1. State the number of residues belonging to the stretch 51-60 that are charged (D, E, K, R), without any contact (Cβ under 8 Å) to a residue 24 or more places away in the chain and surrounded by 14 or more Cβ atoms within 10 Å (Cβ to Cβ).
2. Identify, by number, the condition in (1) in contact with a Ser or Thr (Cβ under 9 Å, 6 or more places away or on another chain); (2) in a loop (DSSP other than H, G, I, E, B); (3) within 20 Å of residue 29 (Cβ to Cβ) that residue 48 doesn't meet.
3. Based on what the data block shows, is residue 39 assigned to a helix (DSSP H, G or I) and at pLDDT 95 or above?
4. Go through the stretch 54-76 and give me each residue that's of a type in the set (Asp, Glu) and not in a strand (DSSP E or B).
5. Tell me yes or no: at least one residue of the stretch 104-114 is touching a Cys at 6+ places or on another chain (Cβ under 6 Å) and modelled with pLDDT of 95 or more.
6. Could you check, for the stretch 9-28, whether at least one of its residues is small (Gly, Ala, Ser), modelled with pLDDT under 85 and under 13 Å from the mean Cα position of the chain (by Cα)?
7. Can you work out which of the residues in the stretch 83-108 that are closer than 19 Å to residue 44 by Cβ and out of contact with any helix residue (DSSP H, G or I) (no Cβ under 9 Å at 6 or more places or on another chain) is surrounded by the fewest Cβ atoms within 10 Å (Cβ to Cβ)?
Amino acid sequence: MIEAAALSGRPRPEEIVMTRLLPPLYEGHAPIFLHLAFEEALEAYDEWGLALPEPTVEFEGLQVPISSLFGRMRSCTDILPARVLDRVSELLGPGSITGSNPTYAEAAVAMRAVSVERLKGGVPLRLAMSN
């Protein structure tokens with residue numbers, strides 16, 4: 001079960017330091033390099049092995065956990081490009097992100113929730129969907 005705190009987007013204490021390494025959004029908009037890091041985080045999530053620690057993405061020479069990156073983007077009002085929406089749908093299942101103009105925020109909240117669930121020992125969503 002996904003914890004309510006994960007769905008609310010509240011960072012875990014150990015994420016606070018990592019999230020501060022990422023630049024803030026400007027009036028709900030993320031710089032392009034955060035968009036690109038988000039896409040890298042999606043790929044890292046997809047490759048996350050069962051017994052492996054949380055994957056990271058490189059940002060300005062530092063390794064940032066993917067859940068921190070998803071957490072930073074949870075209030076990003078930028079429209080999600082079709083290719084990114086398709087990738088999120090591959091990872092979370094069709095219809096996981098709905099609406100005529102889905103945003104990075106919608107995708108980030110969903111991806112952060114499944115990442116936090118994995119960190120707590122949950123089954124990867126792809127495996128759970130195949131059973």
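1. So the answer is 0.
2. (3)
3. yes
4. Across the stretch 54-76, the qualifying residues are 54, 60.
5. Yes, there is a match, as at least one residue in the stretch 104-114 is touching a Cys at 6+ places or on another chain (Cβ under 6 Å) and modelled with pLDDT of 95 or more.
6. yes
7. 86
To keep it simple, each residue is scored yes or no on (1) crowded, with 21+ Cβ neighbours inside 10 Å; (2) closer than 14 Å to residue 118 by Cβ; (3) more than 12 Å from the chain's Cα centre (by Cα).
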position: 31; (1), (2), (3): no, no, yes
position: 38; (1), (2), (3): yes, no, no
position: 44; (1), (2), (3): no, yes, no
position: 49; (1), (2), (3): no, yes, yes
position: 62; (1), (2), (3): no, no, yes
position: 70; (1), (2), (3): yes, yes, no
position: 74; (1), (2), (3): yes, no, no
position: 78; (1), (2), (3): no, no, yes
position: 81; (1), (2), (3): no, no, yes
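The values are calculated or read from the model by the stated rules, or taken from the named source; none is laboratory data. None of the values given here were measured: they were computed from a predicted structure. Here the Cβ is made from the backbone with ideal geometry for all residues, glycine too, and neighbour counts use every protein chain on show.
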